[in-house]
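**Student:** Pasting a structure here, questions to come.
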Amino acid sequence: MKKLYLKDIVMNSIKKKSKEIINEGIKPIMHDLDFYILSDAKWIEFIIGQIISNSIKYKGNKPIIEFYGEKANNKVSLYIKDNGIGIPPEDISRVFEKGFTGANGRKKYSNSTGIGLYLCKKLCAKLEVDIDVLPNIIDGTIIKLTFAEAK
Ligand SMILES: Nc1ncnc2c1ncn2[C@@H]1O[C@H](COP(=O)(O)OP(=O)(O)OP(=O)(O)O)[C@@H](O)[C@H]1O
Ligand SMILES: [Mg+2]
């Protein structure tokens with residue numbers, strides 16, 4: 001576990017996906033990410049990469065992905081928000097299950113295996129990072145990652 005600058009981690013994660021981001025016409029937007037976390041850069045970038053890939057796969061019109069941080073009680077949260085097709089409320093509780101692709105995976109796409117978020121959940125448990133899908137947003141999807149703050 002190392003002291004990591006959240007902004008660098010997000011920038012590196014975006015860089016690693018730059019090919020897809022450019023090809024698919026995605027606009028990444030970074031807001032306040034001026035926070036320090038205690039974690040493992042390589043694995044966190046992998047996890048953020050999976051989340052970015054989902055935002056791309058399930059994108060809508062004029063796709064954007066926004067990143068912003070927030071600090072509370074020795075924790076730092078990273079929010080990754082897209083304006084894509086969104087996850088139906090009845091699917092939200094199951095997206096971390098192995099092989100679950102829900103309505104979005106079933107209906108529209110053939111390249112959904114339901115492994116990405118399952119892997120993320122496993123890795124997060126090992127890294128002591130909380131990963132959640134936020135409920136009740138009207139448009140798109142928000143994923144929240146919560147880390148220990150590094151002082
Ligand atoms: N940003 C998102 N927008 C809409 N639906 C999403 C998003 N992220 C995840 N989902 C839903 O959650 C399911 C599980 O996500 P997960 O990443 O595990 O699988 P996948 O992307 O379909 O396939 P894989 O990651 O194995 O290539 C998806 O099939 C989809 O239904
Ligand atoms: Mg995926």
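**Student:** Among the residues in the stretch 1-16, are any in contact with a Pro (Cβ under 9 Å, 6 or more places away or on another chain), open to solvent by 20 Å² or more (accessible area, probe 1.4 Å), more than 21 Å from V129 (Cα to Cα) and without any contact (Cβ under 8 Å) to a residue 60 or more places away in the chain?
**Tutor:** No, the stretch 1-16 contains no residue that is in contact with a Pro (Cβ under 9 Å, 6 or more places away or on another chain), open to solvent by 20 Å² or more (accessible area, probe 1.4 Å), more than 21 Å from V129 (Cα to Cα) and without any contact (Cβ under 8 Å) to a residue 60 or more places away in the chain.
**Student:** Also: Restricting to the stretch 74-119, and then to whatever is among the basic types (K, R) and outside any helix (DSSP H, G or I), can you tell me which residue is nearest to the chain's Cα centre (by Cα)? Give the steps one after another, and end with the answer.
**Tutor:** Step one: of the stretch 74-119, the residues among the basic types (K, R) are 75, 81, 94, 98, 106-108.
With outside any helix (DSSP H, G or I) added as a condition, the list becomes 75, 81, 94, 98.
Working: K75: 17, K81: 8, R94: 16, K98: 17 Å.
Restricting to residues being among the basic types (K, R) and outside any helix (DSSP H, G or I), the top hit is K81.
**Student:** Residues being open to solvent by 30 Å² or more (accessible area, probe 1.4 Å) and in contact with a strand residue (DSSP E or B) (Cβ under 8 Å, 6 or more places away or on another chain): count how many of those fall in the stretch 17-57.
**Tutor:** Initially, the stretch 17-57 is screened for residues open to solvent by 30 Å² or more (accessible area, probe 1.4 Å), giving 17-20, 22-25, 27-32, 34, 36, 38, 40-43, 46, 50, 54, 57.
Next cut, in contact with a strand residue (DSSP E or B) (Cβ under 8 Å, 6 or more places away or on another chain) only: 27-32, 34, 36, 38, 40-41, 54.
The qualifying residues number 12.
**Student:** Working carefully through the options G84, G60, G69, find the one that is in contact (Cβ under 8 Å) with a residue 60 or more places away in the chain and crowded, with 20+ Cβ neighbours inside 10 Å.
**Tutor:** Working: G84 fails: in contact (Cβ under 8 Å) with a residue 60 or more places away in the chain; G60 fails: crowded, with 20+ Cβ neighbours inside 10 Å.
Sole residue among the options that is in contact (Cβ under 8 Å) with a residue 60 or more places away in the chain and crowded, with 20+ Cβ neighbours inside 10 Å: G69.
**Student:** Still on this structure: Please find, among E45, E20, the residue that is without any contact (Cβ under 8 Å) to a residue 60 or more places away in the chain, more than 15 Å from the chain's Cα centre (by Cα) and within 16 Å of ligand 2 (Cβ to nearest atom).
**Tutor:** Unique residue meeting the criteria: E20.
The values are calculated or read from the model by the stated rules, or taken from the named source; none is laboratory data. Quick caveat, the model's predicted, so the values are computed rather than measured. Cβ sites come from the backbone with ideal geometry, for glycine too, and all protein chains shown count toward neighbours. Please note that ligands, DNA and RNA were not included when accessible areas were found on the heavy atoms of the full protein model with its side chains. Shrake-Rupley method; radii C 1.70, N 1.55, O 1.52, S 1.80 Å.
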